[in-house]
Amino acid sequence: MKVLHLISGGDTGGAKTHIINLLTELDKIMDVKIICFLKGDFFHDLKGKGINIEVFKQKKRYDMSIVSQLREEIEREDYDIIHCHGARANFIAMFLKTKVKGPFITTIHSDYKLDFKDNPYKNIVYTAINTISLKKFDYYIAISTNFKQMLVERGFDSNSIFTIYNGIDLETDLNYISKEKFLERYNINAKGKTIVGIAARLDLVKDHDTFIEGAYKVLQKRKDIIFLIAGDGSEKERLVSKAQDLNISEYVYFLGFIKDPYSFFNAIDINILTSVSESFPYVILEGARFKKTIISTDVGGISDLIRNGHNGFLIDVGDSEALAKNINFLLDNKSNIKILGENLYENVKDNFSSQKMALDHFKVYKKIIETRR
């Protein structure tokens, strides 16, 4: 079995983690390759992991000359399946599908109607193009049951949708620095304080406003805590101003983009996610590797991972009051921080490993090939 994966190559965060985890494990049981259309950190990081990756460089987003290159690659290597990730790959696949035989599949990593929410032009143009492109695929992988239901409600055939949850590598040794060295990097004095952190790009769909408002509510009653925000994005200036206006800048640190996210997760005590929309986010799985408990909005497939009060807490979107309440509970009952974190790790180990994710993909590929034959 041979499968070709296509992705833009400008991906960071969860998308990159997903591809690394998936292809590393798939490579042990089948023949896989990934082609991207930009050469940058994504390419170099995957190449460094020993993943079979190549760049078919686009001069610009709508450069369709690479369709011919891809057709030659597919015909020469005789791939059984073409598997796409993200809007750019979906768009290219719409044209490529008319040139080559074989099934095309795409993974729905997020709510595609919200992917470009922060940019009015992209939101109108790219969302429309991606929506049209998605309708051309033969099969879909949804990252959660909620996302499968979302697709069905939008007119996609349920028989062509497979649900496979994200998984994380729990066996490979991680590269990270100590908590002390990480905090020194940003001149942060956290002595005697609990560290609460969020790792997410600074855009509207991640709703850092709720995180900052929750921090404000906690800080009105206590000062034995600091808040770390890891990530960069278009909302940074506004969010920094908001923290200043609330007079909590002394306790809220904007760290920018972090190249070694595991150093961040190692340093924090409580992991937070306040997103308006998610599928099955890696920031929870990455935190789980360090047995960090989570307080998250109840979106996407997160409730399939988090049992409220057992291995974390779930809150409604935008509910900064509930966020503050749960943070205060953990601060007042610090043994629960460790207990919930350990429970989360055990759940991830049993049900959401990268090995299981890869095996589930292999089964889907096999079923598709058998069905097509």
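Quick notes on this structure:
- Dipole of the chain [Lys/Arg +1, Asp/Glu -1 at C-beta], most positive-end residue of Ile294, Ser178, Gly40: Gly40
- Integer Hz, Karplus 6.51/-1.76/1.60 couplings in order for the stretch 235-241, x for Gly and Pro: 8, 4, 4, 5, 5, 4, 4
- Residues with amide H under 5 Å from that of Asp269, placed H, sequence gap 5 or more: Ile195, Val196, Gly197
- Label-point separation in nm, Ile188 to Glu153, each point 7 Å along Cα→Cβ: 3.6 nm
- Crossing angle, helix 66-77 versus the chain [Cα axis fit, 0-90 degrees, rounded to tens]: 70 degrees
- For Met150, the accessible surface of its heavy atoms amounts to roughly 20 Å² (probe 1.4 Å, protein chains only, rounded to the nearest 10).
- Probe 1.4 Å, protein heavy atoms only - accessible area per residue of the chain in square angstrom: 45 Å²
- Top positive-direction residue, dipole computed over the chain with Cβ charges, set Ile51, Gln355, Thr194: Ile51
- Annotation: Phe91 carries an accessible surface of approximately 30 Å², with a 1.4 Å probe and no ligand, DNA or RNA atoms counted.
- Helix 320-332 axis versus longest C-alpha principal axis of the chain: approximately 60°, rounded to the nearest ten.
- For the chain, the longest principal axis of the C-alpha atoms and the axis of helix 208-219 are separated by about 20°.
- On the principal axes of its alpha-carbon atoms, the chain has extents of 64, 42, 40 Å, going from largest to smallest.
- Between amide H atoms placed 1.01 Å from N, distances below 5 Å from Ile225 occur with Thr194, all of them 5 or more places distant or on a separate chain.
- Binning the C-alpha pair distances of the stretch 206-356 at 10 Å intervals from 0 yields a P(r) profile of 11, 42, 38, 9, 1 %, listed from the shortest bin outward.
- With contacts taken as Cα pairs under 8 Å and at least 6 residues apart, the chain reaches a relative contact order of 16 percent.
- Solvent-accessible area assigned to carbon and sulfur over the chain amounts to 46 percent, based on a 1.4 Å probe.
- Where Arg154, Arg372 fall by accessible area, highest first, once all protein chains stay in place (1.4 Å): Arg372, Arg154
The values are calculated or read from the model by the stated rules, or taken from the named source; none is laboratory data. From a predicted model like this one, the values you see are computed outputs, not experimental measurements. In this analysis, Cβ positions are derived from the backbone assuming ideal geometry, glycine residues included, and neighbour counts consider all displayed protein chains. Heads up: the accessible areas ignore ligands, DNA and RNA and are worked out on the full protein's heavy atoms, side chains in. Shrake-Rupley method; radii C 1.70, N 1.55, O 1.52, S 1.80 Å.
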